[in-house]
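Below you'll find the structure, written out as structure tokens, and then a few comments.
What follows is calculated from the coordinates using simple rules that are stated; it is not laboratory data. It should be emphasised that the depicted structure is a prediction, and the values quoted were computed from it without experimental measurement. Here the Cβ positions follow ideal geometry from the backbone for every residue, glycine too, while neighbour counts run over all protein chains shown.
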Amino acid sequence: MTATTADASKDRVVIFDTTLRDGEQCPGASMTFEEKLEVAELLEEMGVDIIEAGFPIASQGDFEAVQEIARRAGPDVTIAGLARAISGDIARAGEAVRVAKRPRIHTFVSTSPIHLAHQMRKSEEQVLDIIAATVKQARNLVEDVEWSAMDATRTPIDYLVRCVDAAIKAGATTINLPDTVGYAVPEEYAAMFREVIARVPDSDKAIFSTHCHDDLGLAVANSLAGVMGGARQIECTINGLGERAGNAALEEVVMAIRTRGDVLPYQTRVETTMLTRASKLVSAVSAFPVQYNKAIVGRNAFAHESGIHQDGMLKNAETYEIMTPESVGVKATSLVMGKHSGRHAFREKLKELGYELGDNALEDAFKRFKDLADRKKHVYDEDIEALVGDEVAAASERFRLLSLTVIAGTGGPSKAIISLDVDGTHITKEVAGNGPVDATFNAIKAIVPHEAKLSLYQVHAVTEGTDAQAEVSVRLEEDGKSVTGRGADPDTMVASAKAYISAVNKIAVKRQRQHAQAAV
């Protein structure tokens, strides 16, 4: 069984994914042949019922992708090709999908007055004739034909009923009534389905489908309303990818049905634990990042920073989460550490990272954490490890950084003014150098003389962003042996000083050991 276990008491809702067709029409989101195959394979694996693989007439590349997806598809998934209500389009779509074990031709025509007047430039009667002829042509090529009334939500209901009736009589097995321009609101979208289904004599011979765009942010709400109005197929895309503001998001539709079975008594075949994986794949191949606060699959969907929320989550996850992160393929809830976090969450985070601190040490660490949180927007696990690990390791060190001021620029040599705690004594030096790093290291060496040579100086950001902590590695070599020191801080020069001092401390420890061994 999939994550959405079958329930005989619930109606089945068919999931029609159009990421490879409508999603790819999003400006800048085109995918390569290989990427389309990879996405199609994952969609099939996760239990999507119908994959609209492309628009075969659009290009030779699109035709070949649809054909190859159709050829590879198994017996449990339908592969659809889109076609305008034009004979050549339908023939091309039929040729592309016919190799599938379950082929479908999806043909569409505009029905709203504004489209008929300005785009189609046809009369209502002419469009009815087109519907009858093209659906019949498609049905002669495949048994499964879907017909769509483009801009259905701005089409007068009487004419829409006539168009649907004509499509079913011509052989359409699925009727799609799309909110093409994202104009509808849920109540009227549901009412449209109820009225059309009630007024078309043979409506029971076809499955009705939703296809909603998100221009007013209502795509998912409208899709679910359409199902409540009688539709049993939802057309959607991974991450809501699509033209303009996008389409109804597959992951949101599926999880709404799964989570609110009390008011949405339906079921789908989709394996929900694969949703995050699918989201990441589509984001990568389309080069469209997923917004942090995106429902279900956004980075912050299961992240909590507020101290009140974190405290509640630590006591019982259901206080602030209506679904588990594991149910959508996320490993675990993330307690995002920031300036709003409290001691409870900080203590648990330290335990998670392997640090057990006493009350006083914990209080000191918490104060340092708060100082860091005030200086940078996001504090990640790596930040805390660097901050706490650096301080814990420093407890037994002879040399500690007290303060650092660096003066650098185009006007002359750089200068570093540094203060160290050396075995309990505060020492300050001001030293010049060839650049700020050289000046800083020279100043440390002036306070703690040594003959070790610098063999490595490496800087990388612990996390992303211009406010990220810098993590610096310094390797010093002396007498054929090397030591490596590390330091982290939002200020790269401070991190560099910490790393150099860490290495010098390790050299001092080695010298002490050598002296002790020599004295034995």
Would you please state the base-10 log of I(q)/I(0) at q = 0.05, 0.13 1/Å for the chain, with intensities from the Debye formula using one equal scatterer on every alpha carbon?
-> -0.33, -1.13
Arrange the peptides 122-133, 246-257, 140-151 so that the one whose residues have, on average, the most other Cβ atoms within 10 Å appears first.
-> 246-257, 140-151, 122-133
How far is helix 381-394 tilted, in degrees, relative to the longest principal axis of the Cα atoms in the chain, given as a value from 0 to 90 rounded to the nearest 10?
-> 10 degrees
Quick one: if you stick a label point 7 Å off each Cα along the C-beta vector at I114 and E397, how many nm between them?
-> 6.6 nm
What is the spread of the Cα atoms of the range 209-272 along each of their three principal axes, largest first, in whole Å?
-> 32, 25, 17
At D421 and D479, where each label point lies 7 Å from the Cα along Cα→Cβ, what is the point-to-point distance in nanometres?
-> 2.8 nm
If we count every other residue with Cβ under 12 angstrom of A225's Cβ, Lys/Arg +1 and Asp/Glu -1, where does the sum land?
-> -2
Nearest 5 is fine: what % of DSSP beta bridges in the chain come out antiparallel, could you say?
-> 50 percent
Length gained when the stretch H515-E430 is fully extended (0.36 nm per residue, less Cα-Cα span) = 27.5 nm
The helix 33-45 Cα axis meets the longest alpha-carbon principal axis of the chain at an angle in degrees, between 0 and 90 and rounded to 10, of 80 degrees
Please give the calculated 222 nm ellipticity per residue for the chain, where each DSSP H segment of at least 4 residues contributes -39500 (n - 2.57) and the sum is spread over every residue; nearest 500 deg cm²/dmol?
-> -12500 deg cm²/dmol
Between the residues T425, A499, S30, the Cα farthest towards the positive end of the dipole of the chain, that dipole coming from +1 and -1 charges on the beta-carbon of Lys, Arg, Asp and Glu, is from T425
Please work out the Cα center distance from the range 211-243 to the range 436-498, rounded to the nearest Å.
-> 54 Å
By the mean-Cβ-within-10 Å protection proxy, highest first, 110-119, 175-184, 189-198 rank as 175-184, 189-198, 110-119
Listed here are the pairs K10/K36; K349/K445; K351/K510; K349/K376; K294/K339; which of them are more than 29 Å apart at the Cα?
-> K10/K36; K349/K445; K351/K510
Under 14 Å from the R71 label point (7 Å along Cα→beta-carbon), backbone N, the range 35-58 | 37
For helix 250-259, report the angle its Cα long axis makes with the longest principal axis of the Cα atoms of the chain; keep it between 0 and 90° and round to the nearest 10°.
-> 90 degrees
Extending each Cα 7 Å along its Cβ direction at E451 and K136, get the distance between those two points in nm, one decimal.
-> 10.1 nm
By the Kirkwood definition, with r running over pairs of different Cα atoms, the range 396-519 has a hydrodynamic radius in Å of 14.9 Å
Can you give the % of DSSP beta bridges in the range 11-286 that are antiparallel, to the nearest 5?
-> 5 percent
If you place +1 on the Cβ of every Lys and Arg, -1 on the Cβ of every Asp and Glu, and leave all else neutral, what size is the dipole of the chain about its Cα centre, to the nearest 20 Debye?
-> 820 debye
